[in-house]
1. Where does the charge balance sit around Val78 when Lys and Arg score +1, Asp and Glu -1, over other residues with C-beta under 12 Å from its C-beta?
2. Using a 7 Å offset from the Cα along the Cα-to-Cβ direction at both Ala23 and Arg46, what is the distance between the two label points in nm, to one decimal?
3. As an exercise, use a Förster radius of 22 Å and the Cβ-Cβ distance of Ala65 and Arg38 to find the FRET efficiency, rounded to the nearest 0.05.
4. Bins of 5 Å, beginning at zero and ending with the bin holding the largest distance: percent of Cα pairs per bin for region 6-80, please.
5. Over 19 Å between Cα atoms: which of Lys27/Lys83; Lys40/Lys83; Lys40/Lys60; Lys40/Lys69; Lys6/Lys83; Lys33/Lys69 fall into that group?
6. Normalising by the residue count of region 6-80, find the relative contact order in percent from Cα pairs under 8 Å and 6+ residues apart.
Amino acid sequence: MSDEGKLFVGGLNFTTTEDSLAAAFGKYGTIEKVDVIRDKETGRSRGFGFVKYENVEDAKDALEAMNGKTLDGRSIRVDEAGKGGGRSRGGFSAGGSRGGGGYNGDRSYGGGDRGYGDRGFGGGDRSFNSGGGGGGYRSGGYSGGYRDNR
């Protein structure tokens with residue numbers, strides 16, 4: 001499915017439902033789909049969701065009108081879905097380009113996406129790598145960081 005006409009809505013109150021989100025955004029055009037993202041284990045809202053409009057122009061109107069407004073007592077942030085909005089996805093990044101140096105355990109400083117050590121701080125996207133992007137701490141199977149698998 002294309003992200004054309006799809007908006008990310010962040011900062012939602014945990015009591016906001018698909019119905020209340022649709023009611024707030026419905027005045028800007030015909031909505032194709034509304035999702036409030038919930039924790040898989042608890043079913044509790046994670047504080048963000050998506051609104052997909054049938055018409056891209058309606059989505060643009062809604063973005064301009066609703067970004068920074070209050071919904072269910074909370075100030076919300078609206079952006080185009082998939083744009084990333086500058087929010088870090090966890091972990092530590094010291095800048096530079098992906099694949100730059102990084103402490104590699106006993107191997108001193110080296111290039112690539114190995115990250116910090118063979119265990120502990122993970123390699124690839126989930127590393128404390130001075131050149132790499134987000135991620136988090138990984139030890140013995142725990143893999144940190146945020147992934148939005150839309």
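What follows is calculated from the coordinates using simple rules that are stated; it is not laboratory data. Not measured: the values here are computed from a predicted model. With ideal geometry, Cβ positions are generated from the backbone for all residues, glycine too; neighbour counts draw on all protein chains shown.
1. Values: positive: Lys6, Lys60, Lys69, Arg77, Lys83; negative: Asp61, Glu64, Asp79, Glu80.
Charge balance in the 12 Å sphere: +1.
2. For the pair Ala23/Arg46, the computed spacing is 2.6 nm.
3. Calculated transfer efficiency: 0.25.
4. Once binned at 5 Å, the Cα pair distances of region 6-80 give 3, 19, 31, 26, 13, 5, 2, 0.
5. Working: Lys27/Lys83 24 Å; Lys40/Lys83 24 Å; Lys40/Lys60 30 Å; Lys40/Lys69 28 Å; Lys6/Lys83 11 Å; Lys33/Lys69 21 Å.
Those over the limit are Lys27/Lys83; Lys40/Lys83; Lys40/Lys60; Lys40/Lys69; Lys33/Lys69.
6. Working: 145 pairs, mean separation 32.4, N = 75.
Once normalised by length, the contact order is 43 percent.
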